[in-house]
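Encoded as structure tokens, the structure appears first; notes follow it.
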Amino acid sequence: MKKVIFYAILGFLATPVLAQQSQLKDLTVEKIMRDQAQWIGTSPSNISWSRDSKSIYFDWNPEKESSTSTYKISVNGGTAEKADDRLEGFPRSFSYNKDQSKMVFARGGDIYIMDVKSKEETQLTATEDRDSNPTFHSNENIIVFTSANNLFYIDTQSGFIKQLTNFELPDNSASPRPSTSSNNSQGNRDQDRWIRTDQLVTSQILRERRTRPRNRGAFRQFRQETNNDNLSSIEVDNVRNLQLSADGRFVSYQIFKQGENPGKRTIVPNYVTNTGYTTNINARSKVGGDPSYMEIGIYDIENDSAYIIDTEQIEGITDLPDYIKDYPDKSYEKKPRTISGNTVMWSADGSYCILHYGSIDNKDRWILRLDPATGKVETVDRQRDEAWIAGPGIGSEFGRGTLGFMPDQETIYFQSEASGYSHLYTYNLKSKTKKQLTDGNFEVYSPTLSKDGKTWFFTANMKHPGVRHFYSMPAKGGKIKQITKEDGNNTVTMSPDEKHLAIRYAYSNKPWELYVMENKAGATPTKLTESLTDEFKAYAWHEPEVVTFKAEDGANVNARLYKPENANGAAVIFVHGAGYLQNAHKWWSSYSREYMFNNMLMAKGYTVLDIDYRGSAGYGRDVRTGIYRYMGGKDLSDNIDGAKYLIAEHGIDAQRIGMYGGSYGGFITLFAMFKHPDVIKSGAALRSVTDWAHYNHGYTSNILNTPVEDPKAYKRSSPIYFAEGLQGNLLIAHGMVDDNVHFQDVVRLAQKLIELGKDNWEMAVYPLERHGFTTPSSWTDEYKRIFKLFETTIGKK
């Protein structure tokens, strides 16, 4: 009797799962690949708050219109309504003063100041040149702005305008720019005025716009008296990001420098055009050119002199990379590397100047303290990575990442992977002490300080690599408190008064919706939107289990497992793209079509595994860099080990395993088919890289260096060199106007397969598609072919 009851209970518990998977059998490729907004709905995005913290703005499309609209909803809930202006009459781009009672902004080439409470505007400049980038100085009566690539300030009390720099283009410069107020540029000024007047003569509409009255509010007739005190002319091209130090003595600036040999641009032919003629799309260069970079300069106002930071004094500037050990026959000279200065940061009291540099080979990131009077620098923090610098909040040659001053203006904060994971640090410039504020096997995302400077807020995956919550922590470090409640992904936008959180939340089988909750631990979130269509909600979408298996080198590998109730003995491995991306997590996947396709495969008896292989995001530095100098190494072996896990743990037939993926996922699929034909019998490689020497510089050079410098890395990482290993059934699919991974990649591979005499492959081409397909018909055709491939090969017992 007890056994009967026990089996009855088991049957009862299994019934909902069986019913769910039975229902999913109704899914078809045609249904899944329809217009996603019409079929699924449009999730809220682009979240922001009203300045009074009483309303939330977001983009949404619940009415299934042709495009999204801006909506507004009360912090207390209710019905969301369309909003005409999420800016609420304020400018889109502006700078606040310290207490945020005033803002300064540029409009139509002139500078304005606004009282935030009354919204009263005052125009400060009305010059011939285009004025931009206004900010409040430490003395808030002073507004600093850029005009004609020079720095000026205006005293809002007197109306006095002063020119602070006198940068001029070199005589041999080919880069035009607006002229300065010097006498040498009078001819250019006259030419500009003539062209402007001529435009008005030839166009009635332009004349109407020119004479249209401006809303100047209580515009005062400031004394537009410009004084440059006979500043020395400094010849410099491509100057930008001018800043005035708080003490008013120094101006920092950056100079854009084009690489000596930037690389030849490629073209992508477009065959299906409105004209009927083939046209060329101008596209990127290939890996190996000299990238652009930035120099940092300092102008000393007091001494009317300027200099460029001497980067040869920087610690480790001549260090050679470890990979040269693989080339003993080559000789290498220790010489200063090219580095890019992407940030200058002044303390509010003018006591400290911080610089951020990244090496062009991306193996070093420096945070430096500058003595602006002497040009000498001192290392605050150096992060060296023999692979490449990256990770959440980590600055590189392209940006500074997380970096700023603490309220005391003598301590800076930044993120570093020194511990193996991206964590938050501080450094006191006075005592020269560094402190790690967060620690553990997790990553910190988007840390921000509260307005009073006493609390950190950040997102982290502390609970599980695939779960992201919002946390708080004392500014000096200490106990970390979890604020958000529901596992999944909580993307938080905090209200200006810091009392509420607007949360864009998603779970494994639940797309993104908007919630609001109080900014305190354990508070209950309130759902504000319902975005899904009734048809989509009618399906009991599967919540894949996040499993962990061991790789051949003993590392733990996470994956999503779709386990069918009535397994057919076959399995499919889905390989996510991008490389550095996370998909074995507990929130709605950015691969929504693939998620639904995996549901369909599961309902038809296939076991599906979706792996976060080496190189994926969310797992720290060692996983991130696990593919260095060998793409198709541990990333591929992790997927092969996943197949072995399916055989050992889930009873999968070793002769019936397939694989599919796009972009990086297509690359891995090709390699699996070429190098492990005994494991992967059928594969669909979509928009795949076949030869990394033909991909872009920014992505590829980080991982494989350059083809000239490190040819061994490219040869062992490119599937085209291993095509002779193909034995199974291969589908290649690619958009013909793909300007990311060029169609040329698979054309070259096709020629290689033809020359090798391979006949167990086919290619589907999509004339109107780029890297990310946009039309439902193309998605449908592609995935019908993938499904047919699996059904006619591994799907057969």
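Using just its DSSP H runs of length 4 or more, each adding -39500 (n - 2.57), the chain gives a mean residue ellipticity at 222 nm of -5500 deg cm²/dmol after division by all residues.
Once the Cα atoms are used to define both axes, helix 186-202 deviates from the longest principal axis of the chain by about 70 degrees. Here's the list of aspartates and glutamates a cross-link from K485 could span, going by alpha-carbon distance under 14 Å and ignoring same-chain residues fewer than 8 apart: E518. Ordering of 776-783, 567-574, 406-413 by packing is 567-574, 776-783, 406-413, highest average first (other Cβ atoms within 10 Å, averaged per residue).
This structure gives volume of the Cα convex hull per residue in Å³, computed directly, and of (1) 211; (2) 181; (3) 197 that value is listed as (1). Summing charges over all other residues whose Cβ lies under 12 Å from the Cβ of Y505, with Lys and Arg as +1 and Asp and Glu as -1, gives +3.
For the chain, what's the relative contact order in percent, using C-alpha pairs closer than 8 Å and at least 6 residues apart? Result for the chain is 9 percent. Seen against the Cα atoms of the chain and their longest principal axis, helix 776-792 is set at about 30 degrees.
Dipole size of segment 634-712 about its Cα centre, with +1 on Lys/Arg Cβ and -1 on Asp/Glu Cβ: approximately 180 debye, rounded to the nearest 20. Using 31 Å as the Cα-Cα cut-off, could you pick out the over-long pairs in K264/K681; K563/K634; K264/K752; K463/K550? Beyond 31 Å between Cα atoms: K264/K681. Label sites at R265 and V116, each approximated as a point 7 angstrom past Cα along Cα to Cβ, lie 4.3 nm apart.
Net charge of the neighbourhood of G466, taken over other residues with C-beta under 10 Å away and scored Lys/Arg +1, Asp/Glu -1, is +2. Using a probe radius of 1.4 angstrom, the carbon and sulfur fraction of the accessible surface of the chain is 47%. Scoring 23-33, 312-322 by mean Cβ neighbours within 10 Å over their residues and listing the highest first yields 23-33, 312-322. Placing unit charges on each Cβ (+1 for Lys and Arg, -1 for Asp and Glu) gives segment 276-349 a dipole about its Cα centre, and among Y299, T311, S347 the Cα reaching farthest toward its positive end belongs to T311. Rounded to the nearest 20, the Cβ-based charge dipole of the chain about its Cα centre (Lys and Arg +1, Asp and Glu -1) stands at 1860 debye. Could you tell me which of rounded, prolate or oblate describes segment 326-425, using a ≥ b ≥ c as the square roots of the eigenvalues of the alpha-carbon gyration tensor, with rounded for a/c under 1.5 and, failing that, prolate when a/b is larger than b/c and oblate otherwise? Here segment 326-425 falls in the oblate category.
Excluding ligands, DNA and RNA, the accessible surface per residue across the chain is 45 Å² with a 1.4 Å probe. All other residues whose Cβ lies under 10 angstrom from that of V116 are scored, Lys and Arg at +1 and Asp and Glu at -1, for a net of +1. Rounded to the nearest 10 degrees, the inclination of helix 744-755 to the longest alpha-carbon principal axis of the chain is 30 degrees. Of the residues K286, K481, K117, ranked by 1.4 Å probe accessible area with the largest first, the sequence reads K117, K481, K286.
The values are calculated or read from the model by the stated rules, or taken from the named source; none is laboratory data. Keep in mind it's a predicted model, so treat the numbers as computed, not measured. Counting neighbours? That spans all protein chains shown, and the Cβs are built from the backbone with ideal geometry, glycine included. For the accessible areas, the whole protein counts, side chains as well, though only heavy atoms, and no ligand, DNA or RNA atoms are used. Shrake-Rupley method; radii C 1.70, N 1.55, O 1.52, S 1.80 Å.
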